[in-house]
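The values are calculated or read from the model by the stated rules, or taken from the named source; none is laboratory data. Keep in mind that what you see is a predicted model, and the values were worked out from it rather than measured. Here the Cβ positions follow ideal geometry from the backbone for every residue, glycine too, while neighbour counts run over all protein chains shown. Ligands, DNA and RNA are stripped out before the accessible areas are found, and what is left, the full protein with its side chains, is counted by its heavy atoms. Shrake-Rupley method; radii C 1.70, N 1.55, O 1.52, S 1.80 Å.
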Amino acid sequence: MSKSPDSESQLERMEKIVSLAKRRGFIFQSSEIYGGIGGFWDYGPLGAELKRNLRDTWWRTMTRDREDVVGLDATIIMHPAIWKASGHVDTFADLMRECTITNKRVRADHVEPQSGSVIKFIGAKSPNANGGWSIDRVFTVLMKQGEHIESFRKRVRLLLTQNAGIAAGKPDEIELLGEERIDVVTDSVDFHPETGGLLNEARPFNLMLKTYIGPTATENDIAYLRPETAQAIFAQFKNVCDSSRVKVPFGIGQIGKAFRNEVTPKNFTFRSREFEQMELEFFIKPDEAVQLIHGSVAIWSEGADLSEPQPNWGWEMWHRYWVAERTAYYAGIGLSSEVLDYTWQTKADLAHYARACVDILFKFPFGTEELEGIAARGSFDLTQHQTHSGKQLEYFDEELKAACDKLTAEQKSTFIAEAYAKRFNPDTTLEETMAFCEKLFKGLYIPHVIEPSAGLDRLALAILANSFEEEVVTDEKGKSEMRTVLHFHPRIAPIKVGIFPLLKNKPELVAKAREIVSLLRPHMAVFYDETGAIGRRYRRQDEAGTPFGVTIDFDTLGEEKPEFKNTVTLRERDSMQQRRIPIAELLPFLLSQIL
Ligand code: ATP
C-alpha cells in the first residue's frame, strides 16, 4: 500500500537510480539482448556483491549470532500438497480484469477511475494490407476527458496494430467502422488504464507459477515454484525438532528464491516475478502454556522492555520484540527510523487466524511501500500441515508437562473454564477448548509462530535509493562539479576499499600498492585502480559506494620524508577527508568498520 504520492523530482530521482544501477553494473534487465522479460532482473558484478552482503547480514543477525535460531535450505519445488494445505492453491490469487481488445490484464484494485466518452466501433478494416484485412467484432474504447477526437482515433488504430492478432497493416491505413458515442462516464473503473479498452468481469488469477514434474506433463504432474519460502519451514518443522537440540521458543530461518506470477510487475525490482525472500518462523509456546508454566503471561504495554526475551512472554511480547529486532537490523545497515514507517493491520484486515501483522515500510522514491511483513500467525500453518499430511506436528514440552503434573483435577477444571472464557476465536467450542487443554496437561501443543518475512531484492532497492546522492563539491581551486555517491554502510558496500598507486608508471608505487592489495584481499572485497587522475578514480569509487580509498604516493616510499615511510593516504567517501595512516594499521581499522 503506497502512502505518499509520486512527485516529479522523486520520479526523476528514481530514473537516475535505475540508470546508475545499469551503468555501474548493479542491476540489468534479464535477457536484455532479446528485449528483456517483464518482472525479471539480473544483478551485475556490484549488485551481486551488494545482495550477497545483505544476505549475509540477515543470516548472521537472524541465525548465527543467536542461540535460538537455526537455518534451513529447502527446495524451490515441493510436494504440491503443501500449497493445498497452506491455502495458496485456493486463495493465493489477485482479482484480475482483462482489456476486451488487447487481453491485457490489470489487477481489479489497481484500476484508477477515469472519465470521458465511451465510443463503440463495429469493426475495422485495412484495404491495402496484403490484399485486404478486416475485423468485424464490436469493440469499445474510452475517449478520455480532454482527448482530441483525431488523436483518440489515432490511438485506437495504433492499439489495433500493436497488438498481434488483432490487426494487420500500418496504423494510418486502418479504417475504423461504425464509430458511435454510446455513453459518457465519470470516475468509471471499467476501462483499462493503459489501453482505454473496456474491461471484462473480474476473475481470480492464481499467482503461483506452474511447472510439470517428469516427462508426461499431465494434470497429475503439476507442481509449483514456491511463492514463498516459509512453507518449507513448516513442512520440515518436525525434522528440525528431531535432529537439532532446539526447544520452543526457537526459530528456523531461510533465505531463497520465490516466484509469483505478478500481473503488473513494476517499480524496477520492487515487484518482480522472481525474487528472494529472507524469512524467519519463530515458534513460541501458546499463551495458555506460558500461563500453566509461569502462572501468568507478560503482555505488551507501551514502554515494555523488549531488550531480552523472557520465559513468561506471551505472543504479543514476542511479536513486538521481533518488530524491534528487525528495526534494529535495518538501522545497522543504514536504514534509520527516518526512512522507515509502519502499518499495523486492523482487526478487520487480518487473516482469520492472524493475531497481528505489521508491515515495515520504506520511503521509496515512488511511494512508501512494504519492505517486510511481521505477522503473528497463531498455530495456523502447522495445524494445516498436520491435518493435510496426517503427521503429528505437536511439540512435547517437558517444562509444561512437569508444571501440569503438579495440578489438581480442580485446578485443571478451573484452567479449562478460564481458557474457554479467554479464547481468541469466539467460534471455538467448549469441547475444542477441553481437547486443547487436555493436550496441554500432557505437555503437548502445536507451537504458535511469529513470522518476520523480508524481501532481499526490495531491500537492495531500498538500500540503493537510500544511499544515492548527487552533490555539488568544490575543490581547493574553487572548481565545482557534481559528485554522484552511494553512501552504503561499510558493512554492506560491494567493495570496501579502493587501492590507488598515485602513478601507474612508477614500479615502486605499483609494487607497494599490489602489496597492500594482497594484505587486504583475504579479508574483504578490494578494487585496484591505477588509471586516470586520482580525483577521477575517487569519483568512480564514490559511484560504486566504496567507503574507503587508499592512495600510495612517494611519501609511502619514505624517500624524502622518512617519517612517512610505510604510511598511506586514507580517504573516507562520505566526508572526503584524507589522513595518513601506517600500513600496519590499515587492516585492523578497515575490519573494525566493515564487520
Ligand atoms: P505485496 O503486498 O507488496 O505484494 P505481500 O504482502 O504479498 O507483498 P508477503 O507475501 O508478505 O508480501 O512477502 C514477504 C516479503 O516478500 C514482502 O515484504 C516483500 O519484501 C517480498 N516480496 C513479496 N512479493 C514480492 C515481489 N513480487 N517482488 C519482490 N519482493 C516481493
**Asked** Hey, among ASP94, ASP73, ASP68, ASP136, which residue is at pLDDT below 90, of a type in the set (Asp, Glu) and closer than 30 Å to ILE255 by Cα?
**Response** ASP94
**Request:** May I ask you to list pairs of residues, at least six apart or on different chains, whose Cβ atoms are under 6 Å apart, with the first in segment 273-291 being at negative phi and the second being modelled with pLDDT under 95 and among the charged types (D, E, K, R)?
**Result:** ARG273/GLU262
**Message:** Among the residues of segment 201-223, what is the count of those that are away from the ligand (no atom under 15 Å from the Cβ), in a strand (DSSP E or B) and open to solvent by less than 50 Å² (accessible area, probe 1.4 Å)?
**Reply:** 3
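Would you pick out the residues in segment 280-308 that are open to solvent by less than 40 Å² (accessible area, probe 1.4 Å) and part of a loop (DSSP other than H, G, I, E, B)?
LYS285, PRO286, VAL297, ALA304, LEU306
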**Message:** Please verify whether GLU276 is open to solvent by 30 Å² or more (accessible area, probe 1.4 Å) and within 10 Å of the ligand (Cβ to nearest atom), treating the condition exactly as stated.
**Reply:** no
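Among the candidates GLY303, GLY256, which residue alone is more than 9 Å from the ligand (Cβ to nearest atom) and modelled with pLDDT of 95 or more?
Every option except GLY256 fails the conditions.
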**Request:** Could you please tell me which pairs satisfy a Cβ distance under 6 Å, a separation of 6+ or placement on different chains, a first residue in segment 451-471 that is more than 22 Å from ILE252 (Cβ to Cβ) and free of Cβ contacts under 8 Å to residues at least 60 places away in the same chain, and a second residue that is open to solvent by 10 Å² or more (accessible area, probe 1.4 Å) and more than 8 Å from the ligand (Cβ to nearest atom)?
**Result:** none
**Item:** Among (1) at pLDDT below 85; (2) open to solvent by less than 50 Å² (accessible area, probe 1.4 Å), the one test that GLY123 misses
**Value:** (1)
**Message:** Within segment 411-434, does at least one residue satisfy the condition of being under 32 Å from the mean Cα position of the chain (by Cα), at pLDDT below 95, within 18 Å of LEU292 (Cα to Cα) and away from the ligand (no atom under 16 Å from the Cβ)?
**Reply:** yes
**Prompt:** Which one of PHE26, PHE40 is open to solvent by less than 40 Å² (accessible area, probe 1.4 Å) and more than 30 Å from ASN239 (Cβ to Cβ)?
**Reply:** PHE26
**Fill in**
Going through (1) open to solvent by 70 Å² or more (accessible area, probe 1.4 Å); (2) of a type in the set (Ser, Thr, Tyr); (3) within 16 Å of the ligand (Cβ to nearest atom) one by one, SER453 fails only at (1)
**Criterion: within 16 Å of the ligand (Cβ to nearest atom) and either open to solvent by 60 Å² or more (accessible area, probe 1.4 Å) or part of a loop (DSSP other than H, G, I, E, B) (or both) - qualifying residue of VAL246, VAL263** = VAL263
**Prompt:** Taking THR269 and the conditions (1) more than 10 Å from the ligand (Cβ to nearest atom); (2) buried (at least 21 other Cβ atoms within 10 Å of the Cβ); (3) not aromatic (Phe, Trp, Tyr), which numbered condition does it fall short on, given that it satisfies the others?
**Reply:** (1)
**Hits in segment 93-120 - residues which are buried (at least 18 other Cβ atoms within 10 Å of the Cβ) and under 30 Å from GLN386 (Cα atoms)** = ASP94
**Asked** Which residues, taken from segment 359-417, are touching a Lys or Arg at 6+ places or on another chain (Cβ under 9 Å) and among the β-branched types (Val, Ile, Thr)?
**Response** ILE360, THR368, ILE374
**Message:** From the list ASP190, ASP183, exactly one residue is farther than 30 Å from ILE293 by Cβ, acidic (Asp, Glu), surrounded by 14 or more Cβ atoms within 10 Å (Cβ to Cβ) and more than 16 Å from the ligand (Cβ to nearest atom). Which is it?
**Reply:** ASP190
**Complete:** LEU54 passes all but one of the listed conditions (1) out of contact with any Lys or Arg (no Cβ under 6 Å at 6 or more places or on another chain); (2) over 30 Å from PRO452 (Cα atoms); (3) buried (at least 19 other Cβ atoms within 10 Å of the Cβ); the exception is number (2)
**Complete:** segment 462-513: strands (runs of 3 or more DSSP E) wholly inside it with 1 or more residues that are open to solvent by 10 Å² or more (accessible area, probe 1.4 Å) and either among the acidic types (Asp, Glu) or within 30 Å of LYS51 (Cβ to Cβ) (or both) are 468-474, 480-486
**Asked** Are there any strands (runs of 3 or more DSSP E) wholly within segment 28-147 with 2 or more residues that are without any contact (Cβ under 8 Å) to a residue 60 or more places away in the chain and more than 16 Å from the ligand (Cβ to nearest atom), and if so which?
**Response** 123-126, 133-135, 139-144
**Item:** Residue list for segment 375-410, restricted to those being within 16 Å of the ligand (Cβ to nearest atom), out of contact with any strand residue (DSSP E or B) (no Cβ under 6 Å at 6 or more places or on another chain) and hydrophobic (A, V, I, L, M, F, W, C)
**Value:** PHE380
